[in-house]
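Following: one structure in structure tokens, then a few remarks.
Derivation of every value follows stated rules applied to the coordinates shown; laboratory data play no part. Since we're looking at a predicted model, the values are computed, not measured. Methodologically, a virtual Cβ is constructed for each residue, glycine included, from the backbone with ideal geometry; neighbour enumeration extends over all protein chains shown.
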Amino acid sequence: MKTESVLEKVLTSGELAVTSECGPPRGSDADKVREKAEMLRGYVDAVNVTDNQTAMVRMSSSAACIIIKQMGIDPILQMVTRDRNRLAMQSDILGCYAHGINTMLCLSGDHPHFGDHPMAANVYDLDSIQFIQAVRKMREEGKFQGGSEIDKPPKMFIGAAANPFADPFELRVARLAKKVKAGVDFIQTQCIYNIDKFETWMNGVRERKLHEKVAILAGITPMKTVGMARYMKNRVPGMDVPDEVVKRMGGVSKEKQPEEGVKIAIETIERLKNVEGVRGFHIMAIEWEQKTPEIVERAGLYPRPKF
């Protein structure tokens, strides 16, 4: 399988990959997309564009991806199965590929009751694993899910998410194995604060030799404040923030907490560089995109390879 994806080329070269994230605006101002993406230019290999994250209405991922692509930056199209049936998803993939978007992340999406439209109907025509299978069938067999032939199949580099910390923990590796079997090319993980638990998960990944079949990008989110650390520990499902991380964030003055959060992120990257099977990092500086270049530089991940 060969796609035109820059991310695939970086991973194939053996370099550690770096991706980041751009949340589209809650409005139609294209300049807000451009401002966020411009901060990341040259510091990451590709930029994820979220799809109505936390079930809140935003500019569509596909439209924001096109804006970013026109800037000469490589976007990663995120698509959730929550909002579309299989006709709409396959149609959107064709449309995005026609605009040169060749890398995507297949997700199920947050339930609408988490967002600002709790009355919205769920679709979930496919789950995330079936979605991966559908995109792979489009790429490898040149066929729609219904079996018809595709005129110029989309050669998407296919990604998915993994949460090494969700309960029940003992099923997390098996869940990844299903996505690998479905045909995923790369994985971006939930943000990592409990490094010991992540390394335990990676031990299980290596035991099943999954790291030889899929590129795993470790999720990194710098925390701005001790309040953010407490919120993520106590209120965000599937998040694992150890007490010592909260204590460390609270152990410095309010003015120094953002720098402490950046230090923790950099230390995490440095440690995970040595974990067999970690092929790169997905840096999610949520509404703090301006910190991503600094983290990339200080963690020794700059300059990025050119393709």
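Worth a mention:
- Values of log10 I(q)/I(0), in the order q = 0.16, 0.22, 0.29 Å⁻¹, for region 45-95 under a Debye, Cα-only, solvent-free model: -0.45, -0.82, -1.18
- Reported value for region 146-287: 141 Å³ per residue, from the convex hull of its C-alpha atoms.
- Charge dipole (Cα centre; +1 on Lys/Arg Cβ, -1 on Asp/Glu Cβ; no other charges) of region 76-168 amounts to roughly 320 debye.
- Helix-derived mean residue ellipticity, 222 nm - over the chain, DSSP H n ≥ 4, -39500 (n - 2.57), to 500: -12000 deg cm²/dmol
- Simple Cβ-charge dipole of the chain, Lys/Arg +1 and Asp/Glu -1, about Cα centre, in debye nearest 20: 320 debye
- A straight Cα-to-Cα reach below 18 Å connects residue 273 with the lysines 197, 263, residues fewer than 8 places away in its own chain not being considered.
- Shape call, region 6-162: gyration tensor on alpha carbons, a/c limit 1.5: oblate
- Per the Cα gyration tensor, the chain maps to an equivalent ellipsoid with semi-axes of 29, 22, 20 Å, ordered largest to smallest.
- Among 202-209, 146-153, the peptide with the highest mean count of other Cβ atoms within 10 Å heads the list, and the full ranking is 202-209, 146-153.
- Here the translational diffusion coefficient of region 1-84 follows from Stokes-Einstein with Rh set to the Kirkwood radius across Cα pairs; for 4 °C and 1.567 mPa s it amounts to 97 µm²/s.
- Here the residues 282, 211, ranked from fewest to most Cβ neighbours within 10 Å of their Cβ, fall in the order 211, 282.
- Region 1-76 and region 190-236 have Cα centres lying 21 Å from one another.
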